[in-house]
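First comes the structure, then the notes that go with it.
The values are calculated or read from the model by the stated rules, or taken from the named source; none is laboratory data. All figures in this text were calculated on a predicted structure; none of them were measured in a lab. Positions of Cβ are backbone-derived with ideal geometry, glycine not excepted, and every protein chain shown enters the neighbour counts. Heads up: the accessible areas ignore ligands, DNA and RNA and are worked out on the full protein's heavy atoms, side chains in. Shrake-Rupley method; radii C 1.70, N 1.55, O 1.52, S 1.80 Å.
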Amino acid sequence: GEAPPVHVTWYDGKPGVDRFAALGLTSWRNGVLFVGDQGMILSNYSEYHFLPEETAGDFKRPDPTLADSIGHHEEWIRACKEGEQPLCHFGYSGPLTETVLLGSVAYRSGTVLDWDRETLRAKDNHRANQFLRYQYRKGWISG
């Protein structure tokens with residue numbers, strides 16, 4: 001939309017764990033680390049931490065705006081049986097999944113991606129684009 005581009009740095013596997021360990025977070029195995037000009041927020045599904053802690057100031061967590069999930073599987077079953085829209089519907093999960101998969105593409109290619117969402121290609125980046133489609137053997141489904 002009208003929002004400016006966002007710079008995202010993706011850590012995956014050992015580099016991600018090493019990054020957490022460097023911050024003294026040896027018990028964290030996954031999560032999202034938001035890095036800002038004045039500090040960082042480390043978050044997962046159930047908790048968050050300000051780094052360094054003093055950057056939290058007088059922060060008050062906002063009231064939740066989404067209902068708690070009954071679980072991915074149960075939401076899917078209700079959507080199939082009752083037509084109830086799940087919290088993680090395709091309009092939300094599609095772009096989220098695209099972002100996560102592009103993080104893996106950037107990691108595997110060892111390159112920075114300039115993603116063109118209209119063409120579904122990384123601009124001027126053959127190393128990354130080779131990971132976007134799988135080449136099936138002749139006679140099998142092609143994508």
Top-ranked residue in segment 123-143 [being surrounded by 10 or more Cβ atoms within 10 Å (Cβ to Cβ) and touching a Phe, Trp or Tyr at 6+ places or on another chain (Cβ under 8 Å); ranked as farthest from Val105 (Cα to Cα)]: Ser142
Some residue of segment 61-78 being open to solvent by 90 Å² or more (accessible area, probe 1.4 Å) and within 24 Å of Asn129 (Cα to Cα): no
Number of positions in segment 112-143 that are outside any loop (DSSP other than H, G, I, E, B) and more than 17 Å from His7 (Cβ to Cβ): 4
Restricting segment 36-60 to residues that are among the small types (Gly, Ala, Ser) and more than 19 Å from Thr9 (Cβ to Cβ), the residue that is surrounded by the fewest Cβ atoms within 10 Å (Cβ to Cβ): Ser46
Single condition Glu84 does not satisfy, out of (1) within 22 Å of Val6 (Cβ to Cβ); (2) surrounded by 10 or more Cβ atoms within 10 Å (Cβ to Cβ); (3) of a type in the set (D, E, K, R): (1)
In segment 87-113, residue most open to solvent (accessible area, probe 1.4 Å) [restricted to those that are modelled with pLDDT of 90 or more and β-branched (Val, Ile, Thr)]: Val112
Qualifying residue in segment 49-68 (condition: outside any loop (DSSP other than H, G, I, E, B) and under 20 Å from Val100 (Cα atoms)): no
Top-ranked residue of segment 76-111 - restricted to ones that are assigned to a helix (DSSP H, G or I), without any contact (Cβ under 8 Å) to a residue 60 or more places away in the chain and among the hydroxyl-bearing types (Ser, Thr, Tyr), ranked as farthest from Trp10 (Cα to Cα): Tyr92
